[in-house]
């Protein structure tokens, strides 16, 4: 079965506010996670990744936090903009054998003006 | 450098017809992956191919679905005798050389949205 899953299917925030999108995973051996952004009518786009030897990783306006104790990761988007409206997925690459990505259900982020 | 290309972007078929979805990987990429996305769900892995080889088809339905990545030309995902439940977005991704370890980033195409009437 899937090893990643999301807490909330939808999230609405005001433009300029920060948003936090959560993801839970079940496999304690998981060691690498990726966040994807999928805009309407488009394919997933890589945002940021994190390895299990890190607790936090920052990009441009995005931060990913990894809590291995509770098997939880989050994506924080600072100062949200209208262009941030999209569905966000956490995903885990399964590397053994052949490579494939296991995606969570996704969270739809809506930015209100 | 063009990204992953998929065509058609939208495909409408009646029940019982065949659907052919095409994927051209990024230049220099020799690995192709197909994923299916049902409405309001995440992407589900279907199949992983290299040129002329199917490496992992563990996500492919046992019947009616097939995939190929010939030596020349795009990768093809073929669905025979489509049913309404096949309606979904089908995404292709490609990656460069797959090393012995680690993960090679997959780059996604824009998808083909299949509607079965």
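The values are calculated or read from the model by the stated rules, or taken from the named source; none is laboratory data. Computed from a predicted structure; not experimentally measured. Methodologically, a virtual Cβ is constructed for each residue, glycine included, from the backbone with ideal geometry; neighbour enumeration extends over all protein chains shown.
A quick yes/no check of all residues on (1) within 13 Å of chain B (Cβ to nearest Cβ); (2) at pLDDT 90 or above; (3) closer than 19 Å to residue A:69 by Cα:
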position: A:1; (1), (2), (3): yes, no, no
position: A:7; (1), (2), (3): no, no, yes
position: A:11; (1), (2), (3): no, yes, no
position: A:28; (1), (2), (3): no, no, yes
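What do you reckon, is residue B:45 within 13 Å of chain A (Cβ to nearest Cβ), free of Cβ contacts under 8 Å to residues at least 40 places away in the same chain and crowded, with 16+ Cβ neighbours inside 10 Å?
Criteria met by residue B:45.
Do we have any residue at all in the stretch A:38-54 that's under 30 Å from residue B:23 (Cβ atoms) and touching a residue at least 60 places away in the same chain (Cβ under 8 Å)?
yes
Of the conditions (1) buried (at least 19 other Cβ atoms within 10 Å of the Cβ); (2) within 15 Å of residue A:103 (Cβ to Cβ); (3) more than 12 Å from chain B (Cβ to nearest Cβ), residue A:50 clears all except one; give me its number.
(2)
If I go through the stretch B:49-75 residue by residue, how many of them are within 13 Å of residue B:29 (Cα to Cα) and surrounded by 13 or more Cβ atoms within 10 Å (Cβ to Cβ)?
Qualifying residue count, the stretch B:49-75: 6.
Residues to consider are B:116, B:83; find the one that is more than 21 Å from residue A:102 (Cα to Cα) and crowded, with 19+ Cβ neighbours inside 10 Å.
One residue alone meets the criteria, B:116.
Quick one: residue B:109 ticks every box in (1) more than 10 Å from every other protein chain (Cβ to nearest Cβ); (2) within 16 Å of residue B:6 (Cβ to Cβ); (3) out of contact with any helix residue (DSSP H, G or I) (no Cβ under 8 Å at 6 or more places or on another chain) bar one, so which box is it?
Just one mismatch for residue B:109, condition (1).
In the stretch B:68-95, which residues are more than 10 Å from residue B:33 (Cβ to Cβ), part of a strand (DSSP E or B) and more than 10 Å from chain A (Cβ to nearest Cβ)?
Within the stretch B:68-95, B:68, B:76, B:77, B:78, B:79, B:88, B:90 meet the criteria.
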